[in-house]
Amino acid sequence: MHVWWAGLTDAHPGLLALLDPVERRRHDATAAPADRGRFLVGCALSRLVLGALVGVPAADVPLRRVCPRCGGPHGKVRLEPPPHGSPWSGPGPDFSVAHSGAVIGVAVCENGRVGLDVEEADVRLDVDPAARVALAASELAALYGRPPAARKAAFLRTWTRKEAVLKALGVGLGAPLRALELSDPGQPPAVLAWPEQLGPRPDMSLTDLLVHGAHPAAVAVTDTTAPPGGVHVTLRDGSAALAEYIRATSDADTAPGV
């Protein structure tokens, strides 16, 4: 499995050519510039990575957003089944997009369902109300057993783990967060209690990450066919991939005869 990291400063206008009509409408309708930038980088990086994996041009990667509740064009993005004549077969890789502040990530897994979450370390957060909503009783006890100055970082670590699990399952934050109990933030990530509302507990690999040495992140893989020992996570430079696309398209536009 690979996780690609990029930043808000990578939101170059030249990436707009990669978006499909649905993505372009959503981009153009987004009011806040930072939100538009995060959406653009997430879409463009997903398409570049997936296109390289399945052997089609990035702009032609067939992505689909369908909300399981209302049927609208939002929710977890999925790779559609390949059309006839495509260079790949089967369902294709699963992927997950995450962003917080200036950090944008894309995780891609070829042998399981994946969920990625990241939180900016310096995000403004009132820990107490957030913890009461999101943490199980044992998790709350562990949180308040820490010094006040250490609670925000501990909460963010637990939160990224939980959201990664939920994103791997393809369910939203309406899931019973307090019934999903995870190991202490200072311990290796593990699921200790599973909410029955989410159905049978799947086999799952959960990995902590740290972006740019500061921002907590987590990636979860479920329904995996990985061998015993878990899923190996490889970190990739998404900013470099986006910059290479911009450079290549700029060179093509300025080539003689163009």
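As for the range 195-202, it holds no residue that is touching a helix residue (DSSP H, G or I) at 6+ places or on another chain (Cβ under 6 Å) and either farther than 26 Å from A131 by Cβ or modelled with pLDDT of 95 or more (or both). Within the option set A241, A226, A252, being at pLDDT 95 or above and either surrounded by 12 or more Cβ atoms within 10 Å (Cβ to Cβ) or not in a strand (DSSP E or B) (or both) holds for one residue only, A241. Scanning the range 146-156 for residues that are buried (at least 21 other Cβ atoms within 10 Å of the Cβ) and touching a strand residue (DSSP E or B) at 6+ places or on another chain (Cβ under 9 Å) yields a count of 1.
Residue count for the range 159-181 under the criterion of being buried (at least 20 other Cβ atoms within 10 Å of the Cβ) and in contact with a strand residue (DSSP E or B) (Cβ under 6 Å, 6 or more places away or on another chain): the result is 7.
If we keep just the residues of the range 28-82 that are on the phi > 0 side of the Ramachandran plot and more than 14 Å from the chain's Cα centre (by Cα), which is modelled with the highest pLDDT? My answer is G55. Restricting the range 5-24 to residues that are exposed (fewer than 14 other Cβ atoms within 10 Å of the Cβ) and at pLDDT 95 or above leaves a set whose member that is nearest to the chain's Cα centre (by Cα) is T9.
Conditions tested, residue by residue: (1) outside the structural domain of V106 (by TED's automatic domain parsing); (2) under 13 Å from L242 (Cα atoms); (3) among the charged types (D, E, K, R).
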{"residue": "R24", "(1), (2), (3)": "no, no, yes"}
{"residue": "A29", "(1), (2), (3)": "no, no, no"}
{"residue": "P33", "(1), (2), (3)": "no, no, no"}
{"residue": "A44", "(1), (2), (3)": "no, yes, no"}
{"residue": "R47", "(1), (2), (3)": "no, yes, yes"}
{"residue": "V54", "(1), (2), (3)": "no, no, no"}
{"residue": "P57", "(1), (2), (3)": "no, no, no"}
{"residue": "R64", "(1), (2), (3)": "no, no, yes"}
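If you check P93, P129 for being surrounded by fewer than 16 Cβ atoms within 10 Å (Cβ to Cβ) and out of contact with any Phe, Trp or Tyr (no Cβ under 6 Å at 6 or more places or on another chain), only one passes: P129.
With respect to being farther than 25 Å from V108 by Cα, of a type in the set (A, V, I, L, M, F, W, C), surrounded by 12 or more Cβ atoms within 10 Å (Cβ to Cβ) and not assigned by TED's automatic domain parsing to the domain that holds V103, L143 fits the description.
The values are calculated or read from the model by the stated rules, or taken from the named source; none is laboratory data. Note that the coordinates shown come from a computational prediction; the quantities given were computed from them, not determined experimentally. In this analysis, Cβ positions are derived from the backbone assuming ideal geometry, glycine residues included, and neighbour counts consider all displayed protein chains.
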